[in-house]
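Some notes on the structure that comes next.
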Amino acid sequence: RRSRSHQTVSPEAADIARVLFSADDIYRRVCELAREISADLAGKQVVVLGVATGAFVFLADLVRELSLPVQIGIIHAQSYYGSSTESAGRVNVSFDRLKVDISAKHVLLVEDIIDTGRTLQKLLTEMVAASPTLFPKPPASISVCALLDKQARRVKPLPRLIGSGKLYAGYDCEDVFVVGYGLDFDERYRSLPFIGVLKSDVFLHSAEGKQQRRATGEGGG
Ligand code: XMP
Ligand code: MG
């Protein structure tokens with residue numbers, strides 16, 4: 001299979017110090033994940049739920065490689081940041097605008113990255129608690145597909161997945177703040193086709209970076 005070709009590269013690419021995962025690497029890995037997921041969930045009624053905003057690029061690429069009919073929805077999870085690159089620990093989850101009924105369905109949650117694990121834990125708890133108020137029945141299973149897994153940063157153990165649910169992780173990611181392929185810094189860099197680390201001066205000169213250095217007393221980075 002041919003890899004995706006990216007004819008244009010945003011000027012934002014000039015702010016990247018180091019590419020961790022190239023567009024071709026990511027595309028190959030997405031195809032592998034899609035094959036595995038398609039085999040595991042074949043014959044089942046599947047709802048794919050992307051977690052906004054960071055998962056939107058991964059979601060779009062992944063679902064187009066699945067050999068399964070799926071329903072697709074978006075859910076919103078908001079971590080409250082005490083500073084720009086460190087979540088403060090509180091997570092707000094909303095199914096308000098979700099139009100798909102997940103009752104008795106096999107749910108695949110699609111996430112950009114698992115960092116501390118707080119978002120995932122909250123998502124799974126709330127999804128189970130959403131029935132019978134929001135959905136008549138709980139899902140038959142909940143699986144999670146995250147492109148990146150920063151295992152070193154985990155403060156919450158991964159929750160036990162529901163039913164026959166599985167965790168699919170694209171790459172183990174080193175403990176650095178990454179952008180691109182949906183991931184942002186100050187809502188920028190999401191459209192870069194690869195994943196990389198920002199140059200330190202970009203971070204240092206931003207208002208968020210200044211805020212972080214005040215909050216943590218660190219030199220930034
Ligand atoms: P946890 O697992 O800590 O993850 O609840 C919360 C959210 O934090 C974001 N996150 C990142 N965003 N670059 C980003 O652009 C990163 O390196 C990074 N690490 C964590 C992400 O939205 C995740 O869902
Ligand atoms: Mg996110």
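Structure data summary
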{"item": "Antiparallel DSSP beta bridges within region 23-174, percent to nearest 5", "result": "15"}
{"item": "Integer Hz, Karplus 6.51/-1.76/1.60 couplings in order for region 74-79, x for Gly and Pro", "result": "10, 10, 10, 10, 10, 8"}
{"item": "Extension reserve of the VAL9-ALA39 stretch, reckoned as 0.36 nm per residue once the Cα distance is removed", "result": "7.4 nm"}
{"item": "Top positive-direction residue, dipole computed over the chain with Cβ charges, set VAL9, ILE195, HIS76", "result": "HIS76"}
{"item": "Theoretical gain in end-to-end length, ALA129 to ASP175 [0.36 nm per residue, Cα-Cα removed]", "result": "13.4 nm"}
{"item": "Exposure proxy ranking, count of Cβ atoms within 10 Å, fewest first, for HIS6, HIS205", "result": "HIS205, HIS6"}
{"item": "Cα-centre dipole for the chain with unit charges at Cβ (Lys and Arg positive, Asp and Glu negative), debye to 20", "result": "500"}
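None of the figures in this text is laboratory data; all of them are computed from the coordinates on show. This one's a predicted model, so the numbers in the text were calculated from it and none came from an experiment. Here the Cβ is made from the backbone with ideal geometry for all residues, glycine too, and neighbour counts use every protein chain on show.
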